[in-house]
Amino acid sequence: MKIGKSGKQENRKKRLHKGIYILPNIFTSLNIFCGYYSVISSLDRNFVAAAIAIIIAAVFDTLDGKIARATNTTSKFGIEYDSLADIISFGFAPGLMIYLWA
């Protein structure tokens, strides 16, 4: 009589846990996309769309952190990727928007 999980169940659990690391990174990628869209909109002198894209990026930034903590899938890569997204969406994009607007 074997007590515990079978090898098949453990393997499935490992694959599921491995695959869930992509979930917060998807939201971080959407954050970067919004920052990129804000830059493009600023260069086209569409400052309202640029500002809205920055606000949406803030929503994605909040969600990716909450999802990473809730699923316990934080990694060194995820931390660095989130920092890159923050620089683009909350540093470069608003700075360029304000510079071109003023």
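The values are calculated or read from the model by the stated rules, or taken from the named source; none is laboratory data. Since we're looking at a predicted model, the values are computed, not measured. FYI the Cβ positions are ideal-geometry reconstructions off the backbone, even for glycines, and counts take in every protein chain you see. Heads up: the accessible areas ignore ligands, DNA and RNA and are worked out on the full protein's heavy atoms, side chains in. Shrake-Rupley method; radii C 1.70, N 1.55, O 1.52, S 1.80 Å.
Figure legend. Inter-residue proximity from segment 35-49: first residues more than 16 Å from Phe90 (Cβ to Cβ), second residues modelled with pLDDT of 95 or more and open to solvent by 20 Å² or more (accessible area, probe 1.4 Å), beta-carbon distance below 8 Å, spacing 6+ or different chains. Indicated pairs: Leu43/Leu96; Leu43/Leu100; Arg45/Leu100; Phe47/Met97; Phe47/Leu100; Phe47/Trp101; Ala49/Tyr37. In the set (1) part of a helix (DSSP H, G or I); (2) open to solvent by 100 Å² or more (accessible area, probe 1.4 Å); (3) at pLDDT below 90; (4) of a type in the set (D, E, K, R), Lys5 fails one condition alone, (1).
If we keep just the residues of segment 41-81 that are in a loop (DSSP other than H, G, I, E, B) and open to solvent by less than 70 Å² (accessible area, probe 1.4 Å), which is nearest to Tyr21 (Cα to Cα)? So that I can check it myself, show each step before the final result.
From segment 41-81, those in a loop (DSSP other than H, G, I, E, B) are 44-46, 72-75; that's our starting set.
Applying the additional criterion that residues be open to solvent by less than 70 Å² (accessible area, probe 1.4 Å) yields 73, 75.
Numbers: Thr73: 5, Ser75: 8 Å.
Checked segment 41-81; the qualifying residue nearest to Tyr21 (Cα to Cα) is Thr73.
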